[in-house]
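All of the numbers you see were taken from the coordinates with simple rules; none came from a lab. Computed from a predicted structure; not experimentally measured. Every residue, glycine as well, gets a Cβ built from its backbone with ideal geometry; the counts of neighbours run over all protein chains shown.
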């Protein structure tokens with residue numbers, strides 16, 4: 001028998017003996033490694049979810065209402081937090097002001113006016129990026145893009161609000177008719193169709209929709225000042241006529257003629273709203289009329305068929321008005337970390353006699369504590385997993401070496417070198433650990449697929465640096481431990497191994 005044949009036979013026999021009957025050893029180690037990967041994966045995945053929530057302005061913000069403060073005090077509060085040193089002191093990312101208001105929106109089916117809450121936002125705000133994260137988006141209007149320009153007009157609205165307004169097929173929502181009061185005494189409105197950029201699941205501050213600050217101010221201010229809607233005297237107006245009823249195009253001029261005004265020209269362009277296709281009809285008259293008279297003509301034309309004729313006032317977003325937030329109704333504090341929420345609360349109370357809700361503060365503090373606790377548990381799981389596997393390998397190898405001490409002593413007595421035995425056992429241990437790792441990772445991968453595609457959960461992270469780090473640490477620790485155990489056994493004399501004697505310690509003089 002050649003030396004290589006002996007090594008191969010020794011390797012195979014010792015591998016079978018070390019792995020146990022029916023590979024029980026490798027099965028046990030695979031299960032332990034699998035549970036280790038699962039524990040670390042859930043711990044890291046949970047921590048990542050918490051960190052995402054911590055970075056999420058929906059969680060990392062605190063609102064301060066200024067509606068109860070006088071104008072001067074509100075301005076002072078807002079101005080204080082425009083200072084970069086104050087932001088740094090309280091670990092704040094950004095501080096922004098905003099307004100809330102009620103918007104009037106017509107129900108799609110019955111055309112009644114419904115009031116929904118809106119808040120403004122600047123297109124460059126970090127909060128908007130978080131609102132538009134993939135997991136929150138229900139529908140994106142592919143025909144419209146938010147460019148980031150301050151004078152764009154668009155809406156981001158919650159799905160549940162649209163359904164309540166009669167828009168059940170969310171995928172077809174492209175714009176929304178908002179009614180803006182023109183004459184409150186006569187209850188007169190203009191109807192403008194604003195593009196719906198996104199439909200989302202949730203919006204901050206429990207509002208129904210968010211709109212750009214510029215658009216909100218245009219809707220608040222007088223049209224004579226903003227020129228967003230032309231309310232000067234003119235000889236034309238617009239109506240939406242359903243394409244399914246083209247005969248209405250003939251009925252409208254007849255209705256206008258009843259008021260003693262003749263239609264001299266008409267222009268039409270296609271216009272779509274949700275599931276309906278319209279002709280945007282521009283009516284040109286033989287006389288100039290003021291805006292109040294125009295409203296009366298429009299109301300008369302709509303009365304022909306209220307279900308198929310709709311008002312459509314041309315709305316100009318990109319007007320030259322530059323609005324500035326100076327006295328907001330609310331201030332939003334976006335924190336980098338939540339550790340200084342309490343300090344901010346005390347400062348605002350002492351300085352401005354305004355109070356941030358304690359419930360809000362407690363929620364932020366508790367969230368921070370949970371995040372720190374989760375990190376601590378993750379570290380403990382990491383250490384415990386490594387120690388448990390090391391102990392298993394150590395006990396298994398120690399038990400096996402004690403069982404074959406006589407055989408090793410005999411082989412050494414016949415001239416078998418320590419280096420050969422050491423190399424063979426190291427190969428067995430490495431093979432044993434690598435096979436168990438492969439089986440464990442395969443099982444963990446199946447578990448990951450189940451979590452991702454069946455449960456739709458993001459709380460388990462398989463492909464992360466911590467699992468790789470755990471495996472590398474285990475590999476080197478097992479290698480070092482194995483070498484130490486083998487050396488302590490093989491460095492003994494053949495007689496000590498055969499007769500199970502311990503090597504006496506020689507005291508140095």
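Observations
- Multiplying the residue separation of residue 13 and residue 469 by 0.36 nm and subtracting their alpha-carbon distance yields 160.9 nm.
- Here each label is just a point 7 Å from Cα along the line to Cβ, and for residue 346 and residue 254 those points are 7.9 nm apart.
- For the chain, calculated [θ]222 nm from helices alone, where every DSSP H run of n ≥ 4 adds -39500 (n - 2.57): -15500 deg cm²/dmol
- With all pairs of different C-alpha atoms in the average, the Kirkwood value for the hydrodynamic radius of region 22-135 is 19.4 Å.
- Rg followed by Dmax, in Å, when region 301-345 is reduced to its Cα trace: 22.9, 63
- Two-site FRET efficiency, residue 49 against residue 181, from Cβ-Cβ distance with R₀ of 41 Å, rounded to 0.05: 0.40
- Model label points for residue 376 and residue 170, set 7 angstrom from Cα along the Cα-to-Cβ axis, are 4.0 nm apart.
- Crossing angle, helix 24-55 versus the chain [Cα axis fit, 0-90 degrees, rounded to tens]: 30
- Equivalent ellipsoid, region 414-509 (semi-axes from 5 times Cα gyration tensor eigenvalues, Å): 44, 15, 10
- Spatially, region 232-289 and region 103-160 are offset by 29 Å when compared through their Cα centroids.
- Crossing angle, helix 248-257 versus the chain [Cα axis fit, 0-90 degrees, rounded to tens]: 40
- Ranked list, fewest to most other Cβ atoms within 10 Å of each Cβ, for 154, 102: 102, 154
- Cα gyration tensor shape for region 159-246, rounded if a/c is under 1.5, else prolate or oblate: oblate
- Stokes-Einstein D in µm²/s, Kirkwood radius over Cα pairs - the chain at 4 °C with 1.567 mPa s viscosity: 44
- Helix 341-352 axis, angle to the chain major axis (alpha carbon atoms, nearest 10°): 40
- Cβ crowding within 10 Å, taken as a proxy for footprinting-reagent exposure, orders 111, 254 from fewest neighbours to most as 254, 111.
- Among 153, 470, 120, a tally of other beta-carbon atoms within 10 Å of each Cβ gives an order, fewest to most, of 153, 470, 120.
- Net lengthening on full extension, residue 336/residue 244 (0.36 nm per residue, minus Cα-Cα): 27.6 nm
- Calculated on the alpha-carbon coordinates, the convex hull of region 275-430 measures out at 427 cubic angstrom per residue.
- Distance (nanometres) between label positions extended 7 Å along Cα→Cβ at residue 113 and residue 487: 8.8
- Per-residue extension of 0.36 nm, minus the Cα-Cα distance of residue 101 and residue 406, leaves a gain of 101.0 nm for this segment.
- Longest to shortest principal axis, alpha-carbon extents of region 234-311, angstrom: 35, 21, 20
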